[in-house]
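Student: The structure that follows is given in the form of structure tokens.
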Amino acid sequence: MTDIRSETVGPFQENCYLVVDPDARRAVLVDPGDEPERLLAMIARAGVPLDAIWLTHAHLDHVGAINAVRRVHPVPVWLHPADRPLYDRAAEVAAMYGLPFDQPEPPDRELAEGDRLTVGGLRFDVLHTPGHAPGHVVFLGHGLMLGGDLLFRGSVGRTDLPFSSGADMDASLARLGGLAPDTIVHPGHGPATTIGEELATNPFLNGTALPVRR
Ligand SMILES: [Zn+2]
Ligand SMILES: [Zn+2]
């Protein structure tokens, strides 16, 4: 069984997920973006050791609580290397927004397409899905996708940001058609959905999208 918990944090209302294997009693934290005290409380409530922090990408709203979480749980941080330019400049970008920000220490491990990550007895495949960010990945396994800012309910991640690529995004979104329709999507923002629901109704996936993405 997979136990997925979440907290929605910070001014960007980012979803941080705790993936728990209740049988093996292990957990990983995905995209600790802000409000570390709430994330630490979520980990404490789960009552299992934390093994790692996995990042879908390195925008500031997904990485801002890393340092504070690691002061309590000194676990490795996993990031695709193509997002290091974003990761390393997160504090700089936060300053442009006028937001307080705790620049995280460099990541410890590199993610790559085809990696298989484990938490307890759970296994998740890493898909490199660039577009919103060059090193964006999703974690896929056990009938669910931790999707970061690739796909939202009724929308997709922005591609008008520095280091974004609309062409890469189109290629990444096209891969979603190969997933099981009942795959539950846990996105970086907003409510959960399924691949089938989005393929049927999301204007960015069903061919009715306007030529210019927001
Ligand atoms: Zn993002
Ligand atoms: Zn985001």
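Student: Which ones in the range 1-35 are more than 17 Å from residue 188 (Cβ to Cβ) and at pLDDT 95 or above?
Tutor: Residues satisfying the conditions are 3, 20, 21, 22, 23, 24, 25, 26, 27.
Student: Identify, please: which residue in the range 11-45 is buried (at least 19 other Cβ atoms within 10 Å of the Cβ) and of a type in the set (Gly, Ala, Ser) and is, among those, nearest to ligand 1 (Cβ to nearest atom)?
Tutor: Going through the qualifying residues, I end up with 33.
Student: Can I ask one more? Yes or no: the range 103-117 includes at least one residue that is crowded, with 19+ Cβ neighbours inside 10 Å, more than 16 Å from ligand 1 (Cβ to nearest atom) and more than 18 Å from residue 62 (Cα to Cα).
Tutor: For the range 103-117, residues crowded, with 19+ Cβ neighbours inside 10 Å, more than 16 Å from ligand 1 (Cβ to nearest atom) and more than 18 Å from residue 62 (Cα to Cα): present.
Student: Within the range 64-90, work out how many residues are assigned to a loop (DSSP other than H, G, I, E, B), more than 14 Å from the chain's Cα centre (by Cα) and either among the acidic types (Asp, Glu) or closer than 18 Å to residue 13 by Cα (or both). Break it down into steps so the answer makes sense when it comes.
Tutor: Restricting attention to the range 64-90, the residues satisfying the condition of being assigned to a loop (DSSP other than H, G, I, E, B) are 64-65, 73-76, 80, 89.
Next cut, more than 14 Å from the chain's Cα centre (by Cα) only: 73-76, 89.
Right, trim to either among the acidic types (Asp, Glu) or closer than 18 Å to residue 13 by Cα (or both) and you get none.
Final tally of qualifying residues: 0.
Student: Identify, by number, the condition in (1) closer than 15 Å to residue 56 by Cβ; (2) touching a helix residue (DSSP H, G or I) at 6+ places or on another chain (Cβ under 6 Å); (3) away from ligand 1 (no atom under 16 Å from the Cβ); (4) not β-branched (Val, Ile, Thr) that residue 124 doesn't meet.
Tutor: (2)
Student: In the range 131-171, what residues are among the charged types (D, E, K, R) and surrounded by fewer than 18 Cβ atoms within 10 Å (Cβ to Cβ)?
Tutor: 153, 158, 160, 170
Student: Return the residue satisfying two criteria in turn: it lies in the range 1-10 and is surrounded by 15 or more Cβ atoms within 10 Å (Cβ to Cβ) and not polar (S, T, N, Q), and of such residues it is farthest from residue 127 (Cα to Cα).
Tutor: Residue satisfying both the conditions and the ranking: 10.
Student: Looking at (1) assigned to a helix (DSSP H, G or I); (2) out of contact with any Lys or Arg (no Cβ under 8 Å at 6 or more places or on another chain); (3) more than 14 Å from ligand 2 (Cβ to nearest atom), find the lone condition where residue 42 falls short.
Tutor: If we test residue 42 against (1) assigned to a helix (DSSP H, G or I); (2) out of contact with any Lys or Arg (no Cβ under 8 Å at 6 or more places or on another chain); (3) more than 14 Å from ligand 2 (Cβ to nearest atom), just (2) comes out false.
Student: Also, I was wondering about something else. Given 129, 159, which one is of a type in the set (S, T, N, Q), in contact with a strand residue (DSSP E or B) (Cβ under 9 Å, 6 or more places away or on another chain), in contact (Cβ under 8 Å) with a residue 40 or more places away in the chain and within 13 Å of ligand 1 (Cβ to nearest atom)?
Tutor: Values: 159 fails: in contact with a strand residue (DSSP E or B) (Cβ under 9 Å, 6 or more places away or on another chain).
Of 129, 159, the one residue that is of a type in the set (S, T, N, Q), in contact with a strand residue (DSSP E or B) (Cβ under 9 Å, 6 or more places away or on another chain), in contact (Cβ under 8 Å) with a residue 40 or more places away in the chain and within 13 Å of ligand 1 (Cβ to nearest atom) is 129.
Student: When you scan the range 136-153, do you find a residue that is in contact with a Gly (Cβ under 9 Å, 6 or more places away or on another chain), free of Cβ contacts under 8 Å to residues at least 60 places away in the same chain and charged (D, E, K, R), even just one?
Tutor: yes
The values are calculated or read from the model by the stated rules, or taken from the named source; none is laboratory data. Source: prediction; values computed, not measured. Because the Cβ atoms are built from the backbone with ideal geometry, glycine has one as well, and the counts that use them run over all protein chains shown.
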